[in-house]
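The values are calculated or read from the model by the stated rules, or taken from the named source; none is laboratory data. Just so it is clear, the model here is predicted, and its values are computed rather than measured. Here Cβ is always computed from backbone atoms with ideal geometry, including for glycine, and neighbour counts include all displayed protein chains.
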Amino acid sequence: MLIFAGAFAVSCEEEETSSVSDDCYDDLIELSDILVARSNTFSNNPTSSNCSSLRTAALNLLDAAQDCDEYGYLYEETAQYWIDLDCSDFD
């Protein structure tokens, strides 16, 4: 997921001509940074609480991507994994 977040942020920065507003890109970059932070926290301390926080951050990023014309397809392809993730496994 870290690779996804990094590549996603880079692809947003490199895109010059787009119908998507800069606000959309700014939101995606901010949410990507949050996802990376939550992922690092979970990696260092894999608890159900940290898992839930990571899942929420991932879904927030995907929800925002769905609102961006060019990246909406990512929600359909990826969201189900995060929705199905059972964080109680880390209790």
Taking the conditions exactly as written (over 9 Å from the mean Cα position of the chain (by Cα), at pLDDT 95 or above and loosely packed, with under 13 Cβ neighbours inside 10 Å), does SER39 satisfy them or not? no
Under 9 Å between Cβ atoms, at least 6 apart or on separate chains: pull out the pairs that start in region 43-56 with a residue that is surrounded by 13 or more Cβ atoms within 10 Å (Cβ to Cβ) and end on any residue that is among the β-branched types (Val, Ile, Thr). ASN50/THR41; SER53/THR41; LEU54/THR41; ARG55/ILE83
